[in-house]
Every structure is written in C-alpha cells, then in structure tokens.
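Here is the structure we will look at, set down as structure tokens.
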Amino acid sequence: MINGLRFFAFVVVSATISACSPVSNSDIKVNGLVFCSESNPSSFNPQLDTSGTTADASAHQIYDRLLDFDTESGNIVPGLADSWLVSGDGLVYTFQLKRRVAFHTTPYFTPTRTFNADDVLFSINRWRQVEHPYHKVSGGFYPYFQSLDLADNIVAVKRINGYRVEIHLAQPDSSFLANLATDFAVVLSAEYGQQLIEQGTPSAIDNRPIGTGPYKFVEYRPNHFIRFERHDDYWRGKVNQAQLVFDITPRSALRLAKLITGECDISVFPAQSELDVIRDNRDLELLEKPGLNVGFWAFNTQKPPFDNPDVRRALAMAIDKNTLLDTVYFDSARRATSLLPPSSWAHQSNADDINYNPVQARRLLQASGIEPGFEMTLWAMPVQRAYNPNAMKMARLMQSYLKDVGVEATIVSYDWTTFRNNLQQGLHDSVLIGWSADNVDPDNFYRPLLTCSAIPTGTNRAMWCNPAYDELIEQALLVNDTERRKQIYAQANRMLYEQMPLMPIAHAFRFQAQRNNVNNLTINTYGGVRLGGVVKQYD
Amino acid sequence: MIKILLRYTNLLVLTLLVVVIFSFALAYLFPGEPYTNLTGVIDEQAAAAHQNLSVTSAFWQYLGNIFAGDWGLSLMTGQSLADEIAITLPATLELSLYALAFALLVGLPIGFWAGLKPHKGIDYSVLGASAVMHSFPVFWLAMLLVLIFSLQFGWLPMSGRLNLLMDVPNVSGFIFVDIFLADNIDRSQAAWDAVKHLALPTFCVSIITMATIIRAVRRSTLEVMHKPFIIAAQSRGLSNAQIFFKHGFRNALLPILPILAMQVTTIITNVMIVESIFSWPGIGNWLLQAIYQQDYPAIRAGMLAVAGAVIVVTILIELFNRIIDPSREKFEDVTF
C-alpha cells in the first residue's frame, strides 16, 4: 500500500513539476541514435539474406569483414585483415589478420579470447562446406555466395597460424576480393558457435548475434524496434553513442513525421514526393548519391507464355519507361538500358534499348498467339527501395499501359518476407523489383540477376537460364583486361536485349534523410548503412 | 449475493466458451492447414495426425492448450503468441483505462453542471459541444492533433509510448509501473516522457466516450432533480448544494454504470484505431500487422484475447453495477 501511494505521489509530482516549464522533445538527453528503418530483418546474419533490410540491421553494426569498401571511392580497404597478398597466378590469397580485436560481451556470451584465424575459417566454412556443423542451421541457404557459385571455386581455406589465413581458388576470379568486402562476408565468432552447439541451440547464432562490430545486440521486437548497445572495446576506437535503436516504421510518411518531431535521427528511403519537404526544413538534411542499382520488370520465364522471348519483348514495348521515370522517380533516376548503372566502369552507353511502341507490341502479341483480354499478374514489392521508390504506383501505371495492348494485369503484393518467399517459389508471372550492388564489380549485376545457378537462391527473379549467357559471364571473369571484359559484357547486353528476360527501367539516386545534428554519416553505395562512426551532437 | 456471483460467473464462462469455439472455427475457415492455423507450426506429419482427430477431440485439445497458456506460435516471427499478447494487451488496456478515466474526470463534472442548469446558455453550449465531440471521426481527429501538436509545434511526440532510447524493461506491461520498477533510468524524466506520449492518444480515444458520459449524466441529473424526494428536500429549505451532494449525486450516477459497460467496447475499438496512427505498441496495432501479413494463428489468438478482455471487463462492470444498485433486486427476484 505504501508502495502504491509512493508510486502515485511520484507520478503526480513528476507530472506537475514538469508541467510548469514547457519541455521539448530534444530535452530528453538520452545518449543514443534512433534510426528509422523500413522493415523487419529476416535474421541478424547477412550471410543468409541478400535483403538490404537485413544488411542494414546487422552487417556494419554487429559485424566486421576481412575487407571493406571505401564508401566514397569503392576501393577495397583493410577490415579485420591488416594486409593481403595475391599470388602471381591469382589462385592463392593470403590474409594477415588484426590482433586484439574483441568480440561482444553480452548476457548470453562472454568471449575468452580475441578474434583470430579460427573465426575466419568458421565464418567462411559455414557457407562453403555442406558438412560444416552450422551449414544447415537456419535453412542452409546462403543466397549471395550460392548465386555466385563461390563455394565451388574455393578449394581450401587454410589456417597458417593464429593470425594468417590462406584461401586457395580453383580458377582465378577477378572479383574475389570484392566479394569478401561485401555485406555478406561477415566474420562470426567460432567460440560462440561452439558454445551454442554445447547448449544445443545453434540457431541462436543468427538471432542473438555476436560479432566484432561497433554495436552489440540487445533486443529485437518484430514490427517495433531493434535495440543495440555500444561495444566498449571496439577495435576502430570509441563509439560515440551509448545506444542505437532501429525504429521499424514501414510507412515512409510516418518516418518523415518522426524525423520532423525528432523521434528519429536518421530515416531511410524518403519517398520522392517528400524530398522537397526535407530540403525546405532547416532542421533536416538530405543526403543524395547516384546509386549502384537497377530497377527492373522481370518476367517469370519458366511459365508459359512468358517463356517466349517475343511475348516478353512485346510486353516490354507496351510500357513507356520515360513516363515511369517522371512519375515514380520524379526525375531522380537515369533511364536504364542495360543492367549496369552509368557509374560502373563497364557501363555501355550505346546499348540497345527497347522503345515504347504499343502498335508493334499488339502485333507481336497477336503473332505469338496472345489474345486480347489475356490475364497476367504483376507483382509489386511492398517496400520502398532506392531502385524503386513506389512499386505500387509503377504497377498501376503499367497496368493501364498493358490494358492498351489488350493485357489485363492484376497487381499482387504481400508483406516483404512472404513476397520474397513466394517469388522464390516462382508463383509470379512478372515482378517489379530490382537490385542494389554489393560491390563495384559488374559481375555483381550480371551473375546474381540472371545466371542459372541464381535461380534456386532467389536472386534470379526472371528464373531465366541460358547456358550461352552463363558462358559469357564466366568468360568475363577469366580475363583481366578491362577493355576485353567490356566487350564481353556488351555481348551479354545484346543477348539480354534480344531475349528480354527482364526489362531494365531505371538507375536511381539514393536518398537518406537525417537531422542536422547527425554528423559523419554518408550513404554507403556498396551495401548497408554504417552507423559506427556517426556522431550526434546535443545542443 | 452468492446467487448473483454464480450467475455472472456462469455468464462469463459460457460467453468465453462461445468465443473460444469461434476462434477454433476460424482455424478451419482460414486458408491452409487447420493444424498450422491453430499452432503456428508447419509440420506435415502432425497436420495429418491432427486431421485424423475428430473435430470434438481437436477442440478439447485446443481448449486444453489455451488453458495451459500454449496459444501457438506466430507464423511471421515464430514467437509464442501468448508472450506477444502478454506484451501488447497491457498496452491496449492501459490506454483504454486512461482514456476512460480521463473521460470520466472531465465528463462527469460537465454533465452535472449542464444538468443542474438545464435549458440555459451553459447547458446548450455543453450539449452542442458534446454533439460535435460525438461526431468526430477518431482517426481524423488523431491525425489532426498530430499535425498540430507534433508536426507544427513540436510539443508532443507522435509515436510509441516512450522514447525508444529509454530502455525500460517490460515487467508488468503497464508503462508507469514499469518505469517505477526500472532502476537504470531517470524515472521522473521517463514518467514525464510517458505522459507526453500518452496525451494525444488518450485524448483522441476519450473524446467520444466523454461526449456520451456528458449527455447521460446531464439527462439523469435532470431527471433526478425533478424527483419528488428532491422537491421535498427543497421544501425543507436545504440549499441547492446540500440537495445535490446528499440526494442527487448518487442517484444521478447510477444510470451511468450500464453506459460505461457498453462504452468499454467503444473505447477498445477506438484504441485499436488510434494505436495504428500513434504506432502504439498495443494489440490493435499488432493485430493489424498480423492481418496484413496473413499470420492466421496470430489473427486467431489476437481476436480471442481482445474478445476475452472485452467480455471480462464488461461483465465485471455489470456485476459491480448489479451489486451497488439495490433497485434491481426486487425485479430480479421475481424473474429468477
């Protein structure tokens, strides 16, 4: 009873005292950063998922990689590997590892040793070796690595000593280092893995993660928040914020509102229509960068009649891409002719582009035996992405274009996880989706998006398998001469133009909004957001 | 007295049973395996075994699980639904409780005031205002308030129940209790933050109920003040204040309780709408997510929890009303 009274008195007193002086939100001097994200991560291990949401929530917050990309230049810079050496034949990579790198200490794990070669072996072997005790944990799918066939090309990962690792390849791979610097090549703790096996709960490794990154995991409540805490012994130096919270806010307008009221410090994927509001608000700042991405319309080439290139070309011809660029991207994107954005070195400026021609489209459809009134589904992804800020709106526009050529399109959408699961099963006729590059290498577009081995891993949304195309892409990796590689990719572009497994739509700029008192944040063109070095100023 | 208690318990159990049967039926009406819809587990063998059970034995099993606290798993998050509901339901009940308290706190005095001065300027303005309040669409009002108080002036936050950076461990699910129990934060700061987060949603939810209470209290005050015993008191020369507080107040209050019982449903419905606008982590918001994600086990369990809570609260208020209102005794003795 006394307690109850005390409690009541405390509420009343604290409310009245504070009520005397108007207090604004910024007065809550709780040291931390709130990041408004757009969706739920599927786990806290980016090895298991190519979704940007998972990468944002874990790749650079919880983990480190052997190598990193410089966010500005895209060059490969040291991460957990101090230095590296590539043998003359391009088959042996030797990494010298950093010493005294501490893993997170949390209520569920206390490390007894610092990072060493065992952790590198553990992390790579998990996705590489089917017989690894953790390979099958959490589904056994490693979409990024599997779509690149990386495991097949690695002959051995050898521990030379505690801080030196050698990786032997079967064939030279000019994009190998770049792959190790992507969000997906994170380093897990072997010791934690061992502990979980002893406890009999191996899947916890992906849900209650341990890494070496700037923040350690505290709590995750789906659809609500993810809470992180500063990693006090972070090897790159002191992390400024004691806390990091991901406020999961799927609606873009709500994220903007929270940014304005100061409930968020950083917000992802502002809608194109909101950009001017952000620019005009003096408390807010808009970051903007040309993105390494492509938004496209993929046909399910395993389903008739979409297995017929003529049908795909006819449908592509029915769409006026320029209108899509104007109305969906508000001119903050470049028209896409091939898979590669203009910022890539292998971009082919004179690639063939399919032109808007509804008359020709109707004729082609008729010739392929598609009667007027033909019905198909048009899947529109439910989340905003740089490469497609509003797939729903785009789908509605395309619906009317398709109607003009006598095709009845039904728009289909689910929540993001269901959407991707159903896509992977190939339930769609066509889908509006896209791809953000994980590294600067052109192979990162051509291989995961359209090769045969990318079908089961769910990155080949067109479910398109063409041995001649695969052959070209393989060839491109074996040559080191960039001009020669460019020519090969030009050939691939020509093939895609003729076959049209997907219609490239746009290469979009990337936007991110933040409050003015947030410093040291840049847009990471090469993957997930990096919040470790961010400094928030309190006035 | 015992008879009354028994009767209400009987009513409670039977109604809850109907709700459980309905939620069980949902599992068969939803697409997909009934087994998966009931448990949230995708397991073909168990589903086949479940299919071989007769519907009645499947129901008894389900009822047993419900009582054992095993409400199944969410298809989306794989977490125990009972746990998720234990986190979200208190947030909803809390908001409902504060909204009801606020509606009473404001509605009762205004209603009495208007009832004591009938057909005067005050009365008409109160009546007019309550009619306006009653016709506000809640979601529209909520957005309007957000626009003014959060986005324009920046006085009040617009989402959640506490600044996310304040890590208050979830013990009871009621935010003030949890703040009081937490020891790692500045409590008065957190409590004030919670009050600010509560202000707009509480106001939005309470406004319709407040209008209803004002009108009901006004009418019953008006009626009571014309009763013979009041006129008798007046003729004895008692002052107006004495008459009201000694004779009028309690009698005027009695008709309010049944209205409150009915308002519980209104409030909880409104809370569920308001929750999604203010990102309040309550069960309405949670249920909406579940519906959007086609998480059938979660929809079933959420519906069960909300319906159960509404029934329990309504029947408790009815019971309370029955106990304190002796005038119903005679009538019921005849019919019982």
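The values are calculated or read from the model by the stated rules, or taken from the named source; none is laboratory data. For clarity, every value in this text was computed on a predicted model and none was experimentally measured. Virtual Cβ from ideal backbone geometry, glycine too; neighbours counted across all protein chains shown. For the accessible areas, the whole protein counts, side chains as well, though only heavy atoms, and no ligand, DNA or RNA atoms are used. Shrake-Rupley method; radii C 1.70, N 1.55, O 1.52, S 1.80 Å.
In table form, for the structure just shown:
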quantity	calculated
Pick from the stretch B:283-304, criterion away from chain A (no Cβ under 14 Å) and more than 26 Å from B:LEU6 (Cβ to Cβ), ranking: surrounded by the most Cβ atoms within 10 Å (Cβ to Cβ)	B:ALA301
Filter result for the condition that a residue is at the interface with another protein chain (Cβ under 8 Å from one of its Cβ atoms) and either part of a loop (DSSP other than H, G, I, E, B) or within 30 Å of B:TYR124 (Cα to Cα) (or both), over B:LEU151, B:LEU164	B:LEU164
Counted residues, the stretch A:276-298 - those being open to solvent by 70 Å² or more (accessible area, probe 1.4 Å) and under 26 Å from A:THR337 (Cα atoms)	2
Total residues in the stretch A:110-154, condition touching a residue at least 40 places away in the same chain (Cβ under 8 Å) and more than 24 Å from A:SER51 (Cβ to Cβ)	11
Residues of the stretch A:367-378 satisfying the condition of being surrounded by fewer than 21 Cβ atoms within 10 Å (Cβ to Cβ) and over 30 Å from the mean Cα position of the chain (by Cα)	A:ALA367, A:SER368, A:GLY369, A:GLU371, A:PRO372, A:GLY373, A:PHE374, A:GLU375
Selection within the stretch B:81-122 - in a loop (DSSP other than H, G, I, E, B) and over 25 Å from B:GLU223 (Cα atoms)	none
Residue check, A:ASP470 under 22 Å from A:ASP352 (Cα atoms) and without any contact (Cβ under 8 Å) to a residue 24 or more places away in the chain	yes
Count of the stretch A:254-270 residues which are of a type in the set (A, V, I, L, M, F, W, C) and within 18 Å of the chain's Cα centre (by Cα)	3
Among (1) more than 28 Å from B:LEU81 (Cβ to Cβ); (2) part of a loop (DSSP other than H, G, I, E, B) - the single one B:PHE229 does not satisfy	(2)
Flag if A:ILE266 is farther than 30 Å from A:ASP331 by Cβ, more than 9 Å from chain B (Cβ to nearest Cβ) and crowded, with 22+ Cβ neighbours inside 10 Å	no
Close pairs (6 angstrom Cβ cut-off, 6 or more residues apart or separate chains): farther than 18 Å from A:ARG164 by Cα in the stretch A:92-109, small (Gly, Ala, Ser) and crowded, with 22+ Cβ neighbours inside 10 Å anywhere	A:PHE103/A:SER189
Every residue from the stretch A:379-395 that is of a type in the set (A, V, I, L, M), in contact with a strand residue (DSSP E or B) (Cβ under 7 Å, 6 or more places away or on another chain) and open to solvent by less than 30 Å² (accessible area, probe 1.4 Å)	A:ALA380, A:MET381, A:ALA386, A:ALA391, A:MET394, A:ALA395
All positions within the stretch A:105-118 that are touching a strand residue (DSSP E or B) at 6+ places or on another chain (Cβ under 9 Å) and open to solvent by less than 10 Å² (accessible area, probe 1.4 Å)	A:PHE115, A:ALA117
Selected residue (criterion: farthest from A:LEU477 (Cα to Cα)) from residues of the stretch A:156-213 that are within 26 Å of the chain's Cα centre (by Cα) and acidic (Asp, Glu)	A:ASP206
Residues of the stretch A:138-153 that turn out to be in contact with an Asp or Glu (Cβ under 9 Å, 6 or more places away or on another chain), outside any helix (DSSP H, G or I) and not aromatic (Phe, Trp, Tyr), as a count	1
Among residues of the stretch B:170-193, those that are among the aliphatic types (A, V, I, L, M), part of a loop (DSSP other than H, G, I, E, B) and either in contact (Cβ under 8 Å) with a residue 24 or more places away in the chain or surrounded by fewer than 15 Cβ atoms within 10 Å (Cβ to Cβ) (or both), counted	1
Where A:ILE124 falls short, out of the listed (1) open to solvent by 10 Å² or more (accessible area, probe 1.4 Å); (2) within 14 Å of chain B (Cβ to nearest Cβ); (3) of a type in the set (Val, Ile, Thr)	(2)
Within the stretch A:55-104, considering residues that are aliphatic (A, V, I, L, M) and open to solvent by 20 Å² or more (accessible area, probe 1.4 Å), the one nearest to A:ASP206 (Cα to Cα)	A:ALA102
Residue list for the stretch A:183-232, restricted to those being in a loop (DSSP other than H, G, I, E, B), of a type in the set (Val, Ile, Thr) and either open to solvent by less than 10 Å² (accessible area, probe 1.4 Å) or within 12 Å of chain B (Cβ to nearest Cβ) (or both)	A:VAL187, A:ILE210, A:THR212
